[in-house]
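Structure, as structure tokens:
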Amino acid sequence: MNLEKILNERIADFAVLYFKLHRFHWFVQGPAFYNSHKLYEELYDETTELIDQFAERLLTIKGTPAATMKSYLALSSISEEGDEVTPEEIGKTLIKDFSHVVERLKAGIDVAEENRDMATADLFTVTIGQLEKHLWMLGQTLK
């Protein structure tokens, strides 16, 4: 698999997550509403930064980032659909989605290193660290 495709798939994953996080932010219900509402806003703000970082990295290596909803939906393997409203339901979905992205980023590190693109490998590594922290926190919250 080539690095441009991997970067575009992650851009698409983050774009789908961005919209899902907005949906979670708007529709979360229950006793933990306030804290959850704030958390999902923080996460979609972070996701916006990731989309930009990955797209700019792709442009730096002379690639073309996906930039339409149609392309995001075609490239992402994360479902945009769902009807989660409780923090527990949302947390389980985020754990599934973040775990998927972490696994894809880990596979991308190998491709970046094969292409001797250490900057992209580093971007993937740093992003894995961010998402793994969220996975830990979400997991603790669901206990």
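Compare the peptides 86-98, 24-36 by average per-residue count of other Cβ atoms within 10 angstrom and give them in order, highest first.
86-98, 24-36
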With θ set to phi - 60°, apply the Karplus curve 6.51 cos²θ - 1.76 cosθ + 1.60 along the range 6-21 and write out the HN-Hα couplings as whole Hz, x wherever there is a Gly or Pro. 4, 4, 5, 5, 6, 4, 5, 4, 5, 5, 5, 4, 4, 6, 4, 5
For Cα extents along the principal axes in Å, the choices are (i) 39, 34, 33; (ii) 58, 40, 24; (iii) 49, 30, 20; which was calculated from the structure? (iii)
Expected 222 nm ellipticity per residue - DSSP helices of 4 or more, -39500 (n - 2.57), all of the chain, to 500: -27500 deg cm²/dmol
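Solvent-accessible area per residue for the range 4-143 at a 1.4 Å probe radius, Å²?
Here the residues of the range 4-143 average 55 Å² of exposed surface.
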Counting only protein heavy atoms and a 1.4 Å probe, tell me what percentage of the chain's accessible area is made up of carbon and sulfur. 55 percent
What would the Debye equation give as log₁₀ I(q)/I(0) for the range 67-143 at q = 0.16, 0.17 Å⁻¹, counting only Cα atoms as equal point scatterers? -0.72, -0.79
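The values are calculated or read from the model by the stated rules, or taken from the named source; none is laboratory data. No experiment lies behind these values; they were computed from the predicted model shown. Quick reminder, even Gly has a Cβ in these numbers, built from the backbone with ideal geometry, and neighbours come from all protein chains shown. For accessibility, only protein heavy atoms count, side chains too; no ligands or nucleic acids. Shrake-Rupley method; radii C 1.70, N 1.55, O 1.52, S 1.80 Å.
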